[in-house]
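To start, the structure itself, in structure tokens.
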Amino acid sequence: MKAFTYQRATSPAEAAAAVAGHHGARFIAGGTNLLDLMKLQIETPGHLVDINHLGLDRIEPTAGGGLRIGALVRNTDLAADHRVRRDYAVLSRALLAGASAQLRNKATTAGNLLQRTRCHYFYDTTKPCNKRVPGSGCAALGGSNRNLAVLGTSDQCIATHPSDMAVAMRALDAIVETTAPDGTARAIPIVDFHVLPGATPQVETVLQPGELITGVALPPPLGGTHVYRKVRDRASYAFAVVSVAAVVAPGTLRVAFGGLAPKPWRVEAAETRAGADAIADAAFAGARTTRQNAFKLPLSKRLLASVLADARG
Amino acid sequence: MPVTRRDAMMIGGAAVAAAATGGNAAVPHQPPAPVAITLRVNGKARRLSIDPRVTLLDALREHLHLTGTKKGCDHGQCGACTVTVEGRRINSCLSLAVMHHGDAIGTIEGLGRPGALHPMQAAFVAHDGFQCGYCTPGQICSAVAMLAEIRAGIPSHVTDDLMQVAFSDAEVRERMSGNICRCAAYPNIVAAIRDVQEAGA
Ligand SMILES: Cc1cc2nc3c(=O)[nH]c(=O)nc-3n(C[C@H](O)[C@H](O)[C@H](O)COP(=O)(O)OP(=O)(O)OC[C@H]3O[C@@H](n4cnc5c(N)ncnc54)[C@H](O)[C@@H]3O)c2cc1C
Ligand code: SF4
Ligand code: FES
Ligand code: FES
């Protein structure tokens, strides 16, 4: 690990100002992604601002009948919250399908949204990677890319976003709330939060330097049946190959996919089609596959068919 | 032990001092100033002056010489480093010691000793819940905290009805998936945990 200085912030304003004020500074929440990457010197912050003591660890009802999840709420606590289990079960299910109990006890809501890709070459500092070193090339294009993206990619990067939680939040139309170093608050719909790689795969979200996520707001409950189904290479403690988050209620269908793209993938216009095949065909329009990862499209289609069949009884 | 104002100032002060002397790229080969922290390990307050890079795992093993907690992967992938913080199990390799100033840490050394084993330790012995034993401290710390999670009603990936949490072998296997055993002692580990659960310990 490269040397860094450490600061324990006591308020959101102090934390945002501290990161904005130090070149190369980062927030640290659970640390389960950042420290992993720092050990490999993929991330080399010169200053760490600990945001675990900002009082952002509560889940509270919103005035509009939804729920506000503090940025530092642990994945375990979010999945176990009674209101989330009852009204947003797709979110509990997605969280519980991710990582291990030890990691979920530490991982936070904001950190989970901001976790970085699991592309092997992003982790291998001996290989070119445009996301890690902009302009260096992409070893995955001609290498091992079975687990990488088929939608929303560019010639620069075909990495996926690995979060399970974010896929459920996309189905629920969650809103990411932030505070900037100058104190300005913004509310970012999750659809706009993660950005596609284009020519700048190192840019993964719309967050500005020093902008702190304070929480995530969930709109009022949709009711209906909530399902999160994840296909992975072992039964537990593995990232998704593909996944589907679905909310099925009379007159409402919401479907978001994980493992297919650099962000949770949802195409609202596809949700009004009849049947899993038509929905998937519309949602997957424009897909670009490799020989190794082409299987993800038919697999996702079948997964969706089985999810819808189960949800509709 | 509450975090006192003086302790908090020492943490803040160390960061400020190090930053002022060029903790960033300006002096790349100078290690950052050590930070004074207190960990409450197995009920005892332990004061340390520590490089902020030191993980909780290395603080326990290298600084406090509590070598029961093991380092397997150092990347959150194996569970050998599992300890409890304020009663909750975490991977100590993916946490910084400085982030745990004032926290209560529980390690295998705090659970029991030869002659006075914790019921989970005794059950692992009785069921041969290990071969080489390397993953075992992490398995045992994890298992004790895991049973508390079930008692607290925390659901898992295999819980059918999210509102109804109950013990089962399938629950144990899923909930213990963060602890890898290269010797594959899994069936005996599940048997040991089931015994402790049935004894109501
Ligand atoms: C072995 C292993 C298996 C895993 N399996 C899965 C899996 O199956 N599914 C899955 O979804 N995830 C999985 N994960 C990833 C895990 O979910 C993430 O590591 C975790 O959610 C990150 O949260 P954190 O709080 O620890 O983030 P940190 O590591 O603390 O931070 C991550 C990033 O977010 C930034 N950040 C944190 N909080 C804020 C904030 N409030 N505002 C602005 N920036 C912030 C940090 O600066 C950092 O850049 C796995 C991880 C490991 C190690
Ligand atoms: S796919 Fe993206 S993350 Fe992977 S090597 Fe290419 S540029 Fe890097
Ligand atoms: S050493 Fe911490 S999980 Fe492997
Ligand atoms: S007993 Fe050898 S690794 Fe588990």
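The values are calculated or read from the model by the stated rules, or taken from the named source; none is laboratory data. A quick note: this is a predicted structure, and the numbers were derived from the prediction, not measured. Because the Cβ atoms are built from the backbone with ideal geometry, glycine has one as well, and the counts that use them run over all protein chains shown. Just so you know, the surface numbers come from the protein's heavy atoms only, side chains and all, with ligands and any DNA or RNA stripped out. Shrake-Rupley method; radii C 1.70, N 1.55, O 1.52, S 1.80 Å.
Per-structure values
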read-out: 14 Å cut-off, amide nitrogen to a point 7 angstrom out along A:Arg302 Cα→Cβ, residues in region A:203-237; value: A:231-232
read-out: Quarter of Cα convex hull surface for the protein assembly as shown, i.e. mean projection, nm²; value: 24.1 nm²
read-out: Angle between chain B longest axis and helix B:186-198 axis [Cα atoms, degrees, rounded to 10]; value: 80 degrees
read-out: Nearest-ten-degree value, helix B:5-20 long axis tilted from longest Cα axis of chain B; value: 60 degrees
read-out: Averaged over A:39-50, number of beta-carbon atoms from partner chains that fall within 10 Å; value: 3
read-out: Average beta-carbon neighbours from other chains, 10 Å sphere, peptide A:103-109; value: 5
read-out: Cα-projected label distance for B:Arg40 with A:Asp310, points at 7 Å along beta-carbon direction, nm; value: 4.3 nm
read-out: In nm, spacing of pseudo-spin labels at B:Ser168 and A:Thr126 (7 Å Cα→C-beta vector); value: 4.6 nm
read-out: Peptide B:162-170, shielding by other chains (average Cβ, 10 Å cutoff); value: 2
read-out: Computed FRET value (nearest 0.05) for B:Arg194 with A:Asp182, which takes r as the C-beta separation and R₀ as 60 Å; value: 0.60
read-out: Burial order of peptide ranges A:303-313, A:160-170 (average beta-carbon count within 10 Å, highest first); value: A:160-170, A:303-313
read-out: Protection proxy ranking of B:128-137, A:133-142 - average other beta-carbon atoms within 10 Å, highest first; value: B:128-137, A:133-142
read-out: Length-normalised contact order for region B:119-199 - Cα pairs under 8 Å, 6+ apart - percent; value: 47 percent
read-out: Long-range amide H partners of A:Thr5 with built H, under 5 Å; value: A:His47, A:Leu48
read-out: Cross-link pairs A:Lys127/B:Lys70; A:Lys106/A:Lys296; A:Lys106/B:Lys70 - those with Cα-Cα distance over 24 Å; value: A:Lys127/B:Lys70; A:Lys106/A:Lys296
read-out: Chain A - percent relative contact order, Cα under 8 Å, separation 6 or more; value: 18 percent
read-out: Solvent-accessible surface (1.4 angstrom probe) belonging to B:Ile140, in square angstrom, nearest 10; value: 10 Å²
read-out: Helical mean residue ellipticity (222 nm; -39500 (n - 2.57) per DSSP H run of 4+; nearest 500) of the protein assembly as shown; value: -8000 deg cm²/dmol
read-out: Spin-label proximity, B:Leu117 to region B:47-75 - amide N less than 19 Å from point 7 Å beyond Cα toward beta carbon; value: B:68-70
read-out: Separation in nanometres of the label points that stand 7 Å from Cα toward Cβ, at B:Gln30 and A:Ala199; value: 4.1 nm
